[in-house]
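Structure first, commentary second.
The values are calculated or read from the model by the stated rules, or taken from the named source; none is laboratory data. This one's a predicted model, so the numbers in the text were calculated from it and none came from an experiment. Cβ coordinates were reconstructed from backbone atoms using ideal geometry, including for glycine residues, and neighbour counts include every protein chain displayed. The accessibility values were calculated without ligands, DNA or RNA, using every heavy atom of the protein model including side chains. Shrake-Rupley method; radii C 1.70, N 1.55, O 1.52, S 1.80 Å.
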Amino acid sequence: ERADALPRDLVGRKLVISAGGTREPLDPVRFLGNRSSGKQGYALARLAAQRGADVTLIAGAVAGLTDPAAVDVVRVQTAAQMQDAVVKYAAGADAVIMSAAVADFRPTTLATTKIKKGAGEPDSIALTKNDDILAGLVEARTEGGLSAGTVIVGFAAETGDEHGDVLTYARAKLARKGCDLLVVNAVGDGKAFEVDNNDGWLLAADGSETALAHGSKSLMASRVLDALRPLLAPADR
Ligand code: CTP
Ligand code: CA
């Protein structure tokens, strides 16, 4: 899409968008990470800026992506650093979009020196749960620490299994997280359990569900922003 053909419907809006994967260090040279490329979050940030928003992109590990034009980029490594940055920039934002792949766990201890191979079999790695950034934002909004009008958007990649299909898991996740919109990608072998060819859904807290047929990350980003736009509080005048 040409930038000059896009709606300028986000002018004056402040958006915080997280992207990429977090890296949880084990020792000075090793980390636990994930395969998130950051492309979806970057596409969202680029399009939102083109539609006039004032965008802060909180970027974890991303696959050599070029920073989008006219976007403030804050770089982080760990889930804890991402949480600090998201919480800091969420204050005063109109919407927060959590497209980052945040590690659920981190190594419980961080070795200050490189872990040596040694002679015997290795120890297992003890893990500690990271805070859920998205759920924390929803809680802060409920308790008044975050403005009531802040729109909160989550992402989920789901597979179906013998206990339920993608939509069943996604609906449960939306309810558990309490966000306003959940962008669901159907991934992996579980897709075979699905009844149609859609690659995902946009689930809203009001119960509305929109199928998202396969498309580019840029097209997905447009659809997410289109769904987000009417949820934003009326602009100050
Ligand atoms: N998320 C977050 N903080 C975490 C983990 C996840 O903010 N510590 C956010 C992600 O950025 C995403 C949403 O929560 O927007 C859903 O992530 P997902 O991993 O699908 O949810 P989990 O609750 O971690 O459930 P699962 O057991 O399926 O991983
Ligand atoms: Ca997770």
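A few points about this structure:
- Residue selected from segment 92-114 under the condition over 14 Å from K129 (Cα atoms) and loosely packed, with under 14 Cβ neighbours inside 10 Å, by the criterion nearest to ligand 2 (Cβ to nearest atom): L110
- Checking each residue in segment 35-54 for being under 14 Å from the mean Cα position of the chain (by Cα) and surrounded by fewer than 17 Cβ atoms within 10 Å (Cβ to Cβ) picks out only R35.
- Residue within segment 214-226 that is touching a strand residue (DSSP E or B) at 6+ places or on another chain (Cβ under 6 Å), acidic (D, E), open to solvent by 40 Å² or more (accessible area, probe 1.4 Å) and modelled with pLDDT of 95 or more present: no
- Restricting segment 84-118 to residues that are within 18 Å of K177 (Cβ to Cβ) and in a loop (DSSP other than H, G, I, E, B), the residue that is farthest from ligand 1 (Cβ to nearest atom): A93
- When segment 67-91 is filtered for residues that are among the small types (G, A, S), open to solvent by 60 Å² or more (accessible area, probe 1.4 Å) and either touching a Gly at 6+ places or on another chain (Cβ under 8 Å) or in contact (Cβ under 8 Å) with a residue 24 or more places away in the chain (or both), only A91 remains.
- Test for E121: is it within 16 Å of ligand 1 (Cβ to nearest atom), more than 14 Å from V16 (Cα to Cα) and not aliphatic (A, V, I, L, M): no
- Within segment 33-83, the set of residues being closer than 22 Å to P107 by Cα, among the polar types (S, T, N, Q) and part of a helix (DSSP H, G or I) comprises Q81, Q83.
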